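Beneath this line is the structure, given in structure tokens, with notes to follow.
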Amino acid sequence: MGAGDPAVGRRAFVVGAGAALLAGQVTVPNAQAAPADAQAAVVDGPLPDFHPALKAELTFPLAWGNSPLRDFRAWRRAARAKVEELLVVEREKHTPYAPEFTDRRQQDGYTAELVTLSLTRHERVRAALLTPDGPGPFPAVLLLHDHGAKFDIGKEKLVRPWYDDTRLASAQAWSERYFSGRFVGDELARRGYVVLCADALGWGDRGPLAYDQQQALASNFFNLGSSLAGLMAREDARAAGFLAGLDRVDGTRVAAVGFSMGAFRAWQAAALSDDLAAAAAVCWMTGLKEMMVPGNNTLRGQSSYYMLHPGLPRFLDFPDVASIAAPRPMLFFSGGLDPLFPADGVRAAHDRLRTVWRSRHAEERLHLRTWPDLGHVFVDRMQDEVFTWLDHVL
């Protein structure tokens, strides 16, 4: 477009007029002055100024203990059904996985390969698959990557990309920042676990998305009668089913493991899928009310759309959804210095989880720990404890 293009001229006028209006330089006909005692309608982050009233109305009536259902199995069915309803995205019932295996390479103690499969009927997804040396069948881990506002790599954050040197450089830097320089998937494979790790929509092979495109992507999903967060939830549950069904895997010994958004995905997948015998979630668990406070990262919007199921807080809190997986073994780690999850929110969530597992006489299956000197990371000593825990529960 040239400088004299009428569209540019009109856009400049509209933007300029809007800026002048905001600066108080334009008089709007018939505009009414705000009352002297009027309060700001949007505050702190932004939140509506009446957000305390909205929070007070969240009583989570479908939570275990709040629900009129007293049979735990009946409660689990009802709670899962409500979550699945609010995912918007339907469960895949007839789509075959149709896996295609490529780029096979022998590594130190395991074999790495790429597998392309259908997690939904709409798209083929490429995942990393690691298999330990030996006859099997092996225990397995569905490994779920974080968000991190870093979209050029997804599965490569957790599995060393033997197939792409450019991604390797980016992945190595990420592993140094969050994982003590380790690739968690490769460590698990060397310890005797089959590992499956796929990209969520927007990352790696399925991206890269730009940070400020997330809200538009989610909005477009809603306008298409679907849901970005619901898609991710369904894909993760389907991936668990694929992994559990592999001949090389002992289908009764499959766990989900994730860090940050991957932790959210891990406990969510355990709630939605009976193919997972356990889940380990590092740095993503809190009470919703404690998270929705001025200054919290969630209030920025954008990234939240991957973990946002509209209407769900009217029924269940985050730990209530995770509790659908009870009494299976579950691990939740948090960092005492983690700026994303306030300590009171972590405590509230842990108390809620503890109450549910205790009601099932299974508190020993719930491993809760806050690392007081750590922030939002999954460093080597945390990994080692998760690995030992997996060895014990699977």
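The values are calculated or read from the model by the stated rules, or taken from the named source; none is laboratory data. What you see is a predicted model, and the numbers here were worked out from it, not measured in a lab. Positions of Cβ are backbone-derived with ideal geometry, glycine not excepted, and every protein chain shown enters the neighbour counts. Only protein heavy atoms, including side chains, enter the accessible area calculation; ligands, DNA and RNA are left aside. Shrake-Rupley method; radii C 1.70, N 1.55, O 1.52, S 1.80 Å.
Between residue 102 and residue 49, the contour length at 0.36 nm per residue exceeds the Cα-Cα span by 13.7 nm.
Applying 1/(1 + (r/R0)^6) with r as the Cβ-Cβ distance of residue 363 and residue 384 and R0 = 25 angstrom yields a FRET efficiency of 0.60. Considering only Cα atoms, the convex hull volume of the range 249-359 works out to 104 Å³ per residue.
Considering only the chain, what is the antiparallel percent among its DSSP beta bridges, to the nearest 5? Percentage antiparallel, nearest 5: 45. With the whole protein complex present, residue 309 retains an accessible surface near 10 Å², based on a 1.4 Å probe.
Pairwise inverse Cα distances across the chain, averaged and inverted, put the Kirkwood hydrodynamic radius at 22.6 Å.
An ellipsoid equivalent to the range 290-333, defined through the eigenvalues of its Cα gyration tensor, has semi-axes of 23, 13, 10 Å when rounded to whole angstrom and sorted largest first.
Along the charge dipole of the chain, pointing to its positive end and built from +1/-1 on Cβ of Lys, Arg, Asp and Glu, which listed residue (170, 287, 181) has its Cα farthest out? Comparing the listed Cα positions along the dipole, 287 ranks first. Accessible surface computed residue by residue for the range 278-373, with neighbouring protein chains in place and a 1.4 Å probe, gives 39 Å² per residue.
Report the residues of the range 224-268 in range of a label on residue 211: point 7 Å along Cα→C-beta, backbone N strictly under 17 Å from it. Hits in the range 224-268 for residue 211 at 17 Å: 261. Normalised by 2.2 N^0.38 Å, where N counts its residues, the alpha-carbon radius of gyration of the range 142-286 equals 1.03. Taking the 1.4 Å solvent-accessible surface of the range 204-354 as the whole, the part contributed by carbon and sulfur is 53%. When the GluC sites (Glu not before Pro) in the range 38-107 are filtered for DSSP coil states and for at most 14 other beta-carbon atoms within 10 Å of their beta-carbon, the remaining sites are 57, 90. Averaged per residue, the range 124-172 has 32 square angstrom of accessible surface, using a 1.4 angstrom probe with ligands and nucleic acids left out. In this entry, the range 47-145 is assigned a mean projected area of 11.7 nm², taken as a quarter of its C-alpha convex hull surface. Distance from the C-alpha centroid of the range 69-101 to that of the range 146-166: 29 Å, rounded to the whole angstrom. A helix-only calculation puts the chain at -11000 deg cm²/dmol for mean residue ellipticity at 222 nm, using -39500 (n - 2.57) for each DSSP H run of at least four residues, averaged over all residues. With +1 on each Lys and Arg Cβ and -1 on each Asp and Glu Cβ, and nothing else charged, work out how big the dipole of the chain is about its Cα centre, in Debye to the nearest 20. Dipole size: approximately 760 debye. Springs between Cα atoms under 10 Å define the GNM used for the chain, and in it the highest mean-square fluctuation of 152, 212, 320 occurs at 212.
Taking all Cα-Cα distances within the range 319-368, those exceeding 19 Å account for 23%.
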